[in-house]
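Okay, so here's the structure we're looking at.
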Amino acid sequence: MNPQAGISLEHILALLARLDLRIRREVVEFRLRQPQQDDEFRGLYISNDEVDGLLAEVGPVAGPLVGPQLQSDFAAALDAALRTSGERVAQLESQALAGGETLRLESMCRTFGLSELEREVLVLCLAAEISLKYERLYAYLQDDVTKKRPTVDLVMRLLCRSVGERVAARRCFEPDAPLIRWELVTLHEDPNARRPVLIGRYLKLDERVARYLFGYDEPDARLTPILSIKSLAGGALSTSTQSLLRGWTAHWREAWRAEPPILMLHGRYGTGRREAATMLAAELGRPLISVSAIDLVAKNLHRESTFRLAEREALLVDGILCWEDVDAFLHLNETQDNEGDHRAFVQSLSQCSVPVVLLAHKAWEPAHELGHRPYLRLELPDPTYAERRGVWANALGDDAPIIGDTALTALTGRFRLTTGQIHDAVARARTLAWVRDPLGRITAADIDNACRNQAQHRLSSLARKLNVRYTWDDIVLPRQQLATLKMICMTIRQRPIVYGDWGFDRKLAMGKGLISLFAGPSGTGKTMAAEIIANDLGLDVFKIDLSAVVSKYIGETEKNLEKIFSEAQDSDAILFFDEADALFGKRSEVKDAHDRYANIETAYLLQRTEEYNGLVILASNIKKNMDEAFVRRIHFMVDFPFPEETERFEIWRRTFPAQAPRDGDIDFDFLARKFKITGGNIRNIVLASAFLAADEGAPIAMRHLVRGASYEFQKMGKLVVPNDFEQYFDYVKG
């Protein structure tokens, strides 16, 4: 028993002393009704002597009741003892009130609205949790050594003195009565009786209730699998968010008991949802009971019972109930197989009698589902550029000077991580540094790799991550187009200064990302340019698979696009839409339902692309097919022209790796002048010639390139004629 229980425990012991007197009275009356068994049945029953011994500490035991006078004298003495015991209980309650101390039993009765009779039921059940003597006494009074727990009938005999009181007492054991509804006590069937009546069922005090009354505050063991024990993300909430939360809690101190509110905190991982919930609880001076909806679903626990136990736990400790990851309950999934969970959870919220904080990724509006319960919703925003830089500096601590201001600025601009993700990335970077060299210091490369791990991409079904290989030396473009590509990279790198230090972040509500259009024929280098930009910025680039995105079912295309943008948001990944006119094409005149929904898809994509804070690259073969609304919002437009002779010469020359063996007879001037093809075709020809040369065991020569060109022409549907190959046509025939 907790030695710190103090006066609360003393109060319980006084109530148990009064229970002993009631048991004494019932023992005497029981003996008048039941004769003592013969000695030959000893061991199969509880003897009078044993009971008298168990009750010896209560006072002298009355002898055989010879006449009514003796019985009357005993009743009077017992009534006097009960009055004295009741006075002792009242004295302790007054003493606790005057000293500002909490009597746990009285607190529980007030919290759950228990009557005087229901309080005595708790005491009667609690007795068996303190001393095994009560099991013997209960068995004796029920004339059955196997009945060690009090039945409803025994409760009535001990606590009710008339038939009317017994009838009224039945109400305490109905399903909606506080004792049963909150599972303070549980009713159990008699295993030896088939479908017993209510008074034949026996009572068991809940283990969590017993521990609470004894002064222990460990949560219910049934909630342990879903109790949240995660530590809070590092960093602080923004000043504006803290001010708003303090304003709410100031109002709650006055109004929350009459109408306990429900507050939803939603936002991306690491934006401080748990930290905000903890701040609310601290401001109100109340403990936070945090449970996980995802764990509840994963462990397949009984929903309604768990909801009730979580609420009871918050009531017991006068705390705030916090549900984490409630998207699992509040938002119906595509198959709606969680519809039952949704209804049960919302119903529990509407009936909940404690303040509730909901932590979610997505917002939820309850409409009229919560009745008149106050409902507040707060979206925790991503940190600004200035805030992210401060978080990076704090998270790196002594390592920040080693990384340097330039690297910190680059990290702030390249990765739009939340506060929690930044701390996770720094912890991961320290691990990478230790693996590389246990005595080494963290480097910018370690942090870069760790940030990529924070991306948490789950786009494999809708996008393909490109393996970035190309650099600026690999692409051949006119000077103006090349300058525009480098301008894109420069803009991404300088966003921390422009948006953060210079304050443009506060002036722009959306559109802080970049939309670029790469237009030109196939093979002119659009995909290569996207890879070069990603390589230069150190970002991932995902090529969107339009066949997986576009769906014939209404609304599915929008869902797929939302998933792409949401998953890519974490790390500012570059989204590359190839053949983008299939998605970003002009909206058509509405002639039927198909046209209307196609236009809705285009409008949604326009809106979502503008809200995305990273780089979106649209590649199109025909620029005029793009919707005018998209063209208006494009920040950079790069035309990839069909390469001229001088550009084709550079492409031929640069396509060969430095390690590839080459024969001296390769005529780059001839190849650039005669073969009017794109860089993609040139790459295919060079690769085919490499395989031909490898098969011969010889360096790559002009004959291999000519044969490779003939294969490429055939694939393109062009005739292979002597005029195109001139003096090298014999290689084609060979």
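Numerical summary
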{"quantity": "Qualifying position, being surrounded by 15 or more Cβ atoms within 10 Å (Cβ to Cβ) and under 39 Å from the mean Cα position of the chain (by Cα), among Ala693, Ala672, Ala688, Ala619", "calculated": "Ala619"}
{"quantity": "So Glu118, is it more than 21 Å from Glu189 (Cβ to Cβ), touching a His at 6+ places or on another chain (Cβ under 9 Å), part of a helix (DSSP H, G or I) and not hydrophobic (A, V, I, L, M, F, W, C)", "calculated": "no"}
{"quantity": "The listed residue being open to solvent by 40 Å² or more (accessible area, probe 1.4 Å) and free of Cβ contacts under 8 Å to residues at least 40 places away in the same chain, out of Glu129, Glu116", "calculated": "Glu116"}
{"quantity": "Enumerated strands (runs of 3 or more DSSP E) restricted to the stretch 276-389, each holding at least 1 residues that are open to solvent by 60 Å² or more (accessible area, probe 1.4 Å) and of a type outside the set (Phe, Trp, Tyr)", "calculated": "375-379"}
{"quantity": "Scan of the stretch 623-638 for residues that are modelled with pLDDT of 70 or more, hydrophobic (A, V, I, L, M, F, W, C) and not in a strand (DSSP E or B), ordered by number", "calculated": "Val631, Ile634"}
{"quantity": "Residue identified as over 18 Å from the mean Cα position of the chain (by Cα) and more than 30 Å from Glu387 (Cβ to Cβ) among Ser305, Ser240", "calculated": "Ser305"}
{"quantity": "Residue, modelled with the highest pLDDT, within the stretch 561-589, restricted to residues that are of a type in the set (Gly, Ala, Ser) and part of a loop (DSSP other than H, G, I, E, B)", "calculated": "Ala573"}
{"quantity": "Residues of the stretch 525-538 satisfying the condition of being surrounded by 24 or more Cβ atoms within 10 Å (Cβ to Cβ) and part of a loop (DSSP other than H, G, I, E, B)", "calculated": "Gly525"}
{"quantity": "From Glu26, Glu50, Glu10, residue being within 30 Å of Glu207 (Cβ to Cβ) and either at pLDDT 80 or above or not in a helix (DSSP H, G or I) (or both)", "calculated": "Glu10"}
{"quantity": "Subset of the stretch 201-224 that is part of a loop (DSSP other than H, G, I, E, B) and over 20 Å from Leu16 (Cβ atoms) - its residue that is least open to solvent (accessible area, probe 1.4 Å)", "calculated": "Asp220"}
{"quantity": "Residues of the stretch 143-189 satisfying the condition of being open to solvent by less than 60 Å² (accessible area, probe 1.4 Å), touching a residue at least 60 places away in the same chain (Cβ under 8 Å) and in a loop (DSSP other than H, G, I, E, B)", "calculated": "Val145, Trp182, Glu183, Leu184"}
{"quantity": "Extreme residue, nearest to Thr146 (Cα to Cα), among residues of the stretch 181-230 that are of a type in the set (Ser, Thr, Tyr) and in contact with a strand residue (DSSP E or B) (Cβ under 7 Å, 6 or more places away or on another chain)", "calculated": "Tyr202"}
{"quantity": "Set Ala429, Ala393, Ala425, Ala400: member being without any contact (Cβ under 8 Å) to a residue 24 or more places away in the chain, part of a helix (DSSP H, G or I) and either surrounded by 21 or more Cβ atoms within 10 Å (Cβ to Cβ) or touching a strand residue (DSSP E or B) at 6+ places or on another chain (Cβ under 8 Å) (or both)", "calculated": "Ala429"}
{"quantity": "Output for the stretch 89-113, where each listed residue is more than 20 Å from Phe214 (Cβ to Cβ) and either in contact with a His (Cβ under 6 Å, 6 or more places away or on another chain) or in a helix (DSSP H, G or I) (or both)", "calculated": "Ala90, Gln91, Ser94, Leu97, Ala98"}
{"quantity": "Complete set of residues in the stretch 647-664 that are open to solvent by 60 Å² or more (accessible area, probe 1.4 Å), out of contact with any Asp or Glu (no Cβ under 9 Å at 6 or more places or on another chain) and either among the basic types (Lys, Arg) or more than 23 Å from Ala529 (Cβ to Cβ) (or both)", "calculated": "Arg653, Gln659, Pro661, Arg662, Asp663, Gly664"}
{"quantity": "Matching residues, the stretch 662-688, being in a helix (DSSP H, G or I) and under 17 Å from Gln727 (Cα atoms)", "calculated": "Phe668, Asp669, Phe670, Leu671, Ala672, Arg673, Lys674"}
{"quantity": "Residue that is hydrophobic (A, V, I, L, M, F, W, C) and more than 25 Å from Pro478 (Cβ to Cβ), where the choices are Val706, Val638", "calculated": "Val706"}
{"quantity": "Index of the failed condition, Ile442 passing every other in (1) of a type in the set (A, V, I, L, M); (2) closer than 20 Å to Thr271 by Cβ; (3) modelled with pLDDT of 80 or more; (4) outside any helix (DSSP H, G or I)", "calculated": "(2)"}
{"quantity": "Options Arg703, Arg673: the member that is within 30 Å of Thr484 (Cβ to Cβ) and either touching a residue at least 12 places away in the same chain (Cβ under 8 Å) or touching an Asp or Glu at 6+ places or on another chain (Cβ under 7 Å) (or both)", "calculated": "Arg673"}
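The values are calculated or read from the model by the stated rules, or taken from the named source; none is laboratory data. Bear in mind that the values here come from a model prediction, so they are computed numbers and not experimental data. Note that each Cβ is placed from the backbone with ideal geometry, even for glycine, and that neighbours are counted across all protein chains shown. These accessible areas exclude ligands, DNA and RNA; they are computed on the full protein's heavy atoms, side chains included. Shrake-Rupley method; radii C 1.70, N 1.55, O 1.52, S 1.80 Å.
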